[in-house]
Amino acid sequence: MFPPETRILVADDMPTIRELVKNQLKGIGFKNVVEASDGEAAMNVLVSNQNAGTPIQLVVSDWNMPKMTGLELLKQVRASADWAQLPFVLLTSESERDQVTEAILAGVSQYLVKPFAAKVFEEKLKGVWAKHNPGK
Ligand SMILES: [Mg+2]
């Protein structure tokens with residue numbers, strides 16, 4: 001499982017969802033959670049953290065956001081050598097469910113259909129960790 005110090009970026013355009021996800025992550029034990037309100041802002045956080053030497057180690061992003069969607073963010077992230085292996089979880093709504101194939105092809109680590117329970121979130125994150133850290 002991701003260590004408690006993992007630097008996590010939560011991107012969602014709805015403040016209530018960001019708060020909920022952040023609280024779930026804190027409940028699981030994570031200490032370093034930063035937020036972004038859209039895909040563009042999320043990319044800015046990724047770049048500034050990378051440049052500061054404190055790279056983001058897990059992205060939890062909503063799909064449907066203004067300026068840049070979660071899928072577009074994922075594609076930009078995967079296009080960079082620095083983030084080719086960055087764990088990336090997409091939060092989708094029921095209506096995006098049939099589009100997940102595109103996200104899988106784009107290299108998403110895992111996706112979660114909203115709303116989800118903290119326990120389900122934790123299990124998914126364990127799976128993501130195992131996927132990105134085989135043998136650990
Ligand atoms: Mg949204």
The chain - charge dipole about Cα centre, Lys and Arg +1 at Cβ, Asp and Glu -1, debye rounded to 20: 540 debye
Among Thr54, Thr92, Thr69: highest mean-square fluctuation, GNM of the chain, C-alpha pairs under 10 Å: Thr54
In nm, spacing of pseudo-spin labels at Ile28 and Glu5 (7 Å Cα→C-beta vector): 1.9 nm
Per-residue Cβ neighbour rank within 10 angstrom, fewest leading, Phe116, Phe2: Phe116, Phe2
Under 26 Å, Cα to Cα: Lys pairs in the stretch 7-131, sequence gap 8 or more or different chains: 28
Sorted by Cβ neighbour density within 10 Å, fewest at the top, the residues Ile56, Ile104: Ile104, Ile56
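All of the numbers you see were taken from the coordinates with simple rules; none came from a lab. Bear in mind the structure is a predicted one, so any value in this text is a computation, not a measurement. We place every Cβ from the backbone using ideal geometry, glycine too, and count neighbours over all the protein chains shown.
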